[in-house]
Amino acid sequence: MTGMLGSMRWTTLLLTIGCTTLETDPGLKGYSEDLCTESGVANLNINVSDAETALLITVDGEDLIALDEIKDPDGNVVLHWNDWYTEKTFLTSAVWPLASEMVLNWPIRAEDGYLSAGQWTVTLAAVDATGNYKSGSCLTANVQSKEDPSFASADVNVRLVYAEGVDELDHVTTAVDAAIVRWTDIWAPMGLYPNVRITTGNIDPDLPYVGQGSEDIYNITMDSYEDEITLVVGETIDGGTEFLGVAGSIPGTLTANTRSAVVLGWIASAGLDGNFSDLDISIMGETMAHEVGHYMGLFHPVEQTWDSWDACSDTPDCRNQNQCENQLGDNLMYPAPICDLTDCISQDQLSGIQVEILQRYTGAL
Amino acid sequence: MTSLLILFSTLAHASEPADPTATDPAPKPSPTQSAVYAALQGRHDPPTCESLNSASPDLANDLIWLMKHANQPAWVGVRAAYCVLTEYADEKASVIDTWVVDPERRGLAILTIGMLDKMPHAHAERIAAKALAGPHAADARKHLTESGDPKLMNLVD
């Protein structure tokens, strides 16, 4: 597995014994630490100052990695994997051993409490393919933190990367510019402001399905700054057009790993004519806000099986398609647009707790 | 909400006598077309093309109907085309041939050309030749050159 810190463009790199300390932009700090599991778990001890208010922990290991538990400085368990592993409400993907990379943001919601000063302990589990804990499994944990006492207003820095040749398609770049305006309009009432830096990158326009991990994503993200979410705009995803946008994980990391991006395919957003109507552009802006919303920690308020939900108590736990469309159809994170073949309603609303989650994401500065 | 709208529209359409002189600017989907449309609408995890057979006994034609009439969200038509290309390349060969030469459907042309290396060679070479002679020849040259398939790449030369 590739290392996380690699050549990410950190402003300063200070090396200490067994630990890498990273000096970054104001408001965001970070360091990395190497650990190995004993009895299947490893404790990551994090010293939190009075000023730090949120943590983003990214782990890269040899085996499947999952969060076991989080303890606050008083020794209280504030999150345990078993409380969320089989629940029908989703809080974070960190509790599921899905890959050798794991990402956790803490706190997630206001009800999760605040990041009190002192030593926090994050217990990480290494799991083999059969689901058993594995000892002697080594991993690297990257810890980033931010200082944001109010969680009321934040810039979200995004590096938008055009895949090879896509930046030469004027009708695409014009549409993307307009979609960013739509995205900005959606987020502004929640006190969130995407700050998009547009670049090009050496990546095939048929983008990888980032949820399964990709070395191409790792390589492209190494050119992003440490406080940027990477959004790659290509032509298609995974050799076809079934996917219009995919977030690497929920939440996603600000360091470089094989899932450290959101990818977007322009053809699926433009449709068969290949041109962007005003409605296509509006929906593409909603797609950008939706996918980056996943990356910052939001789940769908309800999945399309109508039997699992997010962990936001202010998004109703609806039970069927009609009920869900009526109660949640205008929510930005609803899993499908609400359309009637030729027109769609706007999906630009977020609940108060959904906004709490976005504001607590460590990359919301 | 959507399903109700479509259902009501469908019922209204079914109950009205046909008027051959009337124009119909907004064709209404059949129940099976509505079902396929709903299945293709989600932002994530689209169904497999094979699984759509349970929603329609005439899936190929329903997909082609959606490609023509379901303009929003944009990816419904795109996903429908993908399923026709992957599941019905033989049955709908003559229809697919038109997809790379329609000047109004550049997105469809790019999608089709991009799928050629996954299609049987007999279809792929025929469609590629049409694409190279059509209004999207520049797109065709670019994608065929990058396809990695020697037979398709040779067509560009």
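Where a number appears in this text, it was derived from the coordinates with a stated rule and is not lab data. As the structure is a prediction and not an experimental result, all values here were calculated from the model. Cβ sites come from the backbone with ideal geometry, for glycine too, and all protein chains shown count toward neighbours.
Key figures for this structure:
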quantity	calculated
Amide H partners (placed H, <5 Å) of A:V78, local residues excluded	A:I70, A:K71, A:D72
Relative contact order of region A:12-146, pairs being alpha-carbon contacts under 8 Å that are 6 or more residues apart, as %	41 percent
Antiparallel %, DSSP beta bridges [both residues in chain A], to 5	70 percent
Inter-label distance, nm, simple model (7 Å from Cα along the C-beta direction), A:N76/A:S150	2.7 nm
Residues whose placed amide H lies under 5 Å from that of A:T200, excluding near-sequence neighbours	A:Y162
Rounded to 10°, Cα long-axis angle of helix A:170-187 versus longest principal axis of chain A	60 degrees
Region A:342-347 - phi-based ³J(HN,Hα) in whole Hz, Karplus 6.51/-1.76/1.60, Gly and Pro as x	10, 8, 9, 7, 6, 10
Centroid-to-centroid separation of region A:253-293 and region A:26-102 [C-alpha atoms, Å]	29 Å
Of A:Y218, A:Y209, A:Y85, the one that fluctuates the most in a GNM where chain A has Cα springs shorter than 10 Å	A:Y85
Normalised contact order of chain A, rounded percent, pairs of Cα under 8 Å and 6 or more residues apart	19 percent
GNM result for chain A, Cα springs below 10 Å: residue of A:P335, A:P97, A:P149 fluctuating most strongly	A:P149
Gaussian network model of chain A, springs between alpha carbon atoms under 10 Å - residue of A:G113, A:G245, A:G234 with greatest fluctuation	A:G113
Karplus-derived 3J(HN,Hα), 6.51/-1.76/1.60, for each residue of region A:348-362, Hz, glycine and proline x	9, 9, 9, 6, x, 6, 4, 5, 4, 5, 4, 5, 7, 4, 5
Shielding score for A:333-346, defined as the mean number of other chain Cβ atoms within 10 Å	6
When each of B:K130/B:K151; B:K28/B:K118; B:K68/B:K151; A:K88/A:K146 is checked by Cα-Cα distance, pairs over 22 Å	B:K28/B:K118; B:K68/B:K151; A:K88/A:K146
Percentage relative contact order, region B:38-157, counting C-alpha pairs under 8 Å, at least six apart	17 percent
Under 5 Å, built H, 5+ apart or other chain: amide partners of A:F243	A:I237
Within chain A, helix-based [θ] at 222 nm, where runs of 4 or more DSSP H residues each add -39,500 (n - 2.57), nearest 500	-5500 deg cm²/dmol
HN-Hα J in Hz across region A:151-166 - Karplus 6.51, -1.76, 1.60, θ = phi - 60°, x for Gly and Pro	6, 10, 8, 7, 8, 10, 7, 10, 9, 8, 10, 7, 5, 3, x, 5
Where Rh is the Kirkwood radius over Cα pairs, Rg/Rh for chain A	0.95
Förster-model FRET efficiency, 41 Å R0, B:S51 and A:T121, C-beta, rounded to 0.05	0.35
Region A:266-365: Cα Rg divided by the 2.2 N^0.38 Å rule of thumb	1.12
